[in-house]
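The structure appears right after this line, and notes come after that.
The values are calculated or read from the model by the stated rules, or taken from the named source; none is laboratory data. Predicted model only: the values in this text are computed from it and were never measured. Counting neighbours? That spans all protein chains shown, and the Cβs are built from the backbone with ideal geometry, glycine included.
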Amino acid sequence: MIALPSEDTKRIRFDQMFETEFAYMWRSLARLGVPPRDLEDVTHDAFIEVYRRLDSYDPSRPVRPWLFAFAFRLASDYRRLARHRVELLGTEVERADAALSADEMIQIQETRQLVERAVSKIDPERRPVFILHDLDEVPIPEVARVLELPLNTAYSRLRLAREEFRAAIQRQARAGTMSPASKETSP
């Protein structure tokens, strides 16, 4: 019989996971379409679910794919709510990195926006596979397990998502929404 960890041990494990993986959960939810205005609340909701199910986590497996499954489900639930279908326009402000020049910061911001726009154009059904595999570098068999997909379905969704991503980048290039420096590095 497996001994369950004490509540104190569980709390310590959770605190460590929260500290080290909060930024990852935040980024994952943003990539999955949760707007900046709701990221803090949805991220905290995700960690509440993580805490509730912490006993089901297998420490021999990577934690990020396990956490991504929570982000995926919450982002999906979030998109289904009618009150979230109206988009508020605004810009996200990031702190400047003093080590970078203004030109470098602009280039990084433009590239980030280009990728974010292209990722947002990927079908919501395929987007999690693309994010986990291509952005988070999780092997496809693990992606399939985490998202509870047949392996061939995961490969198929990845292929289609890559095509959609590439097409979105090309549309942005044709529309002139890429800076000249970004055009040099696009796929």
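Conditions (1) in contact (Cβ under 8 Å) with a residue 24 or more places away in the chain; (2) not in a helix (DSSP H, G or I), marked per residue:
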position: Met25; (1), (2): yes, no
position: Val34; (1), (2): yes, yes
position: Ile48; (1), (2): no, no
position: Pro59; (1), (2): no, yes
position: Leu67; (1), (2): yes, no
position: Tyr78; (1), (2): yes, no
- request: Residue by residue through region 36-46, note down the ones that are free of Cβ contacts under 8 Å to residues at least 24 places away in the same chain and of a type in the set (A, V, I, L, M).
  value: Leu39
- prompt: Of the conditions (1) under 12 Å from the mean Cα position of the chain (by Cα); (2) surrounded by fewer than 16 Cβ atoms within 10 Å (Cβ to Cβ); (3) of a type outside the set (Phe, Trp, Tyr); (4) closer than 15 Å to Ala69 by Cα, Leu29 fails just one. Which one is it?
  reply: (2)
field: Residue that is surrounded by the fewest Cβ atoms within 10 Å (Cβ to Cβ) [pool: residues in region 107-137 that are without any contact (Cβ under 8 Å) to a residue 60 or more places away in the chain, in a helix (DSSP H, G or I) and of a type in the set (Val, Ile, Thr)]
entry: Ile108
task: Would you point out the residue of region 32-70, among those that are among the basic types (Lys, Arg) and more than 24 Å from Leu114 (Cα to Cα), that is nearest to the chain's Cα centre (by Cα)?
output: Arg64
- request: Select, from Arg31, Arg13, Arg61, Arg37, the only residue that is over 25 Å from Arg127 (Cα atoms) and not assigned by TED's automatic domain parsing to the domain that holds Glu125.
  value: Arg13
message: Considering only region 50-71, I want to know if a residue exists there that is of a type in the set (Lys, Arg) and at pLDDT below 85.
response: no
